[in-house]
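First the structure, in the form of structure tokens, and then the observations on it.
All of the numbers you see were taken from the coordinates with simple rules; none came from a lab. The shown structure was predicted, so the numbers you read here are calculated from the model rather than taken from an experiment. So basically every Cβ, Gly included, is an ideal-geometry build from the backbone, and we count neighbours across all protein chains shown.
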Amino acid sequence: MRIDWALLAISPPGWGGLLLRGLVTTLEIAVGGYLLGLLIGIGGAFGKLYGGAVSRDLLECYTTIVRAVPELVLIVLIYYAGTDLLNRVMAALGYAAVNINGLAAGILVIGVVQGAYSTEVLRGAIRAVPYGEIEAARAFGMPSALALRRITLPAMIPHAISGLANLWMIATKDTALLAVVGFTELTMATREAGGATKAYFLFFCAAGMLYLLVTLISNQVFNAIERRARRGMPKV
């Protein structure tokens, strides 16, 4: 079977532009969800380590449930049930129903899923910091906030980079699951292009190459960050 590579042309009537727009949307969701998950993870890690009994139990339930339930189920549940719950609350308060932006909903869904994993990655990284360094900071009269900024955070980053890099890769791939709720990212755009042209093999290979390109570039970026974070440390 002859493959018409002109179908991938960037300008109309090619479908390359649609795939690239889908890639941009995928990256927007992945970056937004990853950063939101990182913020949740920071709060969750410190809450688990230094919070009260109630906060630790609530965070334990959150991380356990999110990591136990498949991402696809969570995405459908949060996307539809979360929207319905919000509109019910708005109606109870006397406000009109809210039409949630698809991009914001996608970022929220990915962020909630990422937050559970980030919590455990960062919690493990904090626990990897030698306690003697923290005791030394306290012995010198360093306030807790200053010790966190100058001792804990710089010392935990080398231990967290690998896990956070993996979470970024997961975030880029989890965006494909948003296609089940009708959100047009790279995978959904590929399905549309394949359905219109029947050249499924061509377009899904092109989409796979775009995902691979994102992964290769991301690896280089995280490797550079890890080298900088580990400067001065013995090689293992």
Quick shape summary for segment 148-235, equivalent ellipsoid via Cα gyration tensor, semi-axes whole Å in descending order, reads 38, 14, 7
Give the residue list of chymotrypsin sites (Phe, Trp or Tyr not before Pro) in segment 141-236 that are DSSP loop and have at most 16 other beta-carbon atoms within 10 angstrom.
none
Mean ellipticity per residue at 222 nm, deg cm²/dmol - from DSSP H runs of n ≥ 4 across the chain, formula -39500 (n - 2.57)
-24500 deg cm²/dmol
What is the distance in Å between the Cα centroid of segment 33-86 and that of segment 148-205?
19 Å
At most 15 other Cβ within 10 Å, DSSP loop - chymotrypsin sites (Phe, Trp or Tyr not before Pro), segment 62-129:
Tyr95
Hull volume per residue for segment 103-155, using the convex hull of the C-alpha atoms, in Å³ is 83 Å³
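When the dipole is taken about the Cα centre of the chain, and only Lys, Arg (+1) and Asp, Glu (-1) are charged at their Cβ, what size is it in debye, to the nearest 20? Mind showing how you got there, number by number?
Numbers: 19 positive and 13 negative charges, 141 e Å.
Roughly 680 debye for the chain.
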Helix 53-68 against the longest principal axis of the chain: what's the angle in degrees, Cα atoms only, rounded to the nearest 10?
30 degrees
